[in-house]
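Have a look at the structure below before the remarks.
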Amino acid sequence: EVQLVESGGGLVQAGGSLRLSCAASGLTFADYAIGWFRQAPGKEREEVACVSSSDGMTSVADSVKGRFAISNDNAKSTVYLQMNSLKPEDTAAYYCAVSAYGDPATACPREDLASWGQGTQVTVSS
């Protein structure tokens with residue numbers, strides 16, 4: 001089975017940086033989409049950034065564009081989310097997810113078909 005393990009979350013002051021990691025195991029398909037999502041209490045889950053394994057296509061949400069960057073290391077089956085200039089509004093539980101193929105327009109996994117990690121909490125203080 002596919003397993004995803006996130007790490008790197010924590011408490012940081014506004015303007016600070018964090019780097020999240022998602023280590024994947026059990027992937028048996030060559031073409032997949034993997035991405036980061038976040039959810040704050042009482043709000044809808046939001047796509048943050050995604051990457052496609054097949055062509056390296058990436059996407060980032062407008063809310064984090066210019067501050068966050070996604071990258072992956074296929075050899076280590078690990079995807080990273082570098083978060084800079086963090087704001088209190090970035091506070092959320094962050095999850096990584098993966099699915100075969102995904103959305104060709106966004107490089108994001110299909111949320112309804114995806115495997116999910118357990119999440120890592122990011123809290124940004126004012």
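The values are calculated or read from the model by the stated rules, or taken from the named source; none is laboratory data. The structure displayed is predicted, hence computed values, not measured ones. So basically every Cβ, Gly included, is an ideal-geometry build from the backbone, and we count neighbours across all protein chains shown. Ligands, DNA and RNA are stripped out before the accessible areas are found, and what is left, the full protein with its side chains, is counted by its heavy atoms. Shrake-Rupley method; radii C 1.70, N 1.55, O 1.52, S 1.80 Å.
For the stretch 47-70, a residue qualifies if it is open to solvent by 40 Å² or more (accessible area, probe 1.4 Å) and in a loop (DSSP other than H, G, I, E, B), and the qualifying residues are Ser54, Asp55, Gly56, Met57, Asp62, Ser63, Lys65, Gly66. If I filter the stretch 72-86 for residues that are surrounded by fewer than 17 Cβ atoms within 10 Å (Cβ to Cβ), among the acidic types (Asp, Glu), more than 12 Å from the chain's Cα centre (by Cα) and closer than 21 Å to Lys43 by Cα, do I get at least one hit? No, the stretch 72-86 contains no residue that is surrounded by fewer than 17 Cβ atoms within 10 Å (Cβ to Cβ), among the acidic types (Asp, Glu), more than 12 Å from the chain's Cα centre (by Cα) and closer than 21 Å to Lys43 by Cα. Being open to solvent by less than 10 Å² (accessible area, probe 1.4 Å) and touching a Leu at 6+ places or on another chain (Cβ under 6 Å) is the filter here; which residues of the stretch 15-38 pass it? Scanning the stretch 15-38 gives Leu20, Cys22, Trp36. Of all residues in the stretch 2-14, those satisfying the criterion of being open to solvent by less than 40 Å² (accessible area, probe 1.4 Å) and of a type in the set (Gly, Ala, Ser) are Gly8, Gly9, Gly10. Just for the stretch 71-126: of the residues that are outside any loop (DSSP other than H, G, I, E, B) and in contact with a Pro (Cβ under 6 Å, 6 or more places away or on another chain), which one is farthest from Gly8 (Cα to Cα)? Applying the filter and picking the extreme gives Ser99.
All conditions but one from (1) open to solvent by less than 60 Å² (accessible area, probe 1.4 Å); (2) over 20 Å from Glu1 (Cα atoms); (3) at pLDDT 95 or above; (4) not hydroxyl-bearing (Ser, Thr, Tyr) apply to Glu44; the one that does not is (1).
Right, Thr28: under 12 Å from the mean Cα position of the chain (by Cα), at pLDDT below 95 and closer than 16 Å to Ser115 by Cα or not? Taking the combined requirement at face value, the residue does not satisfy it.
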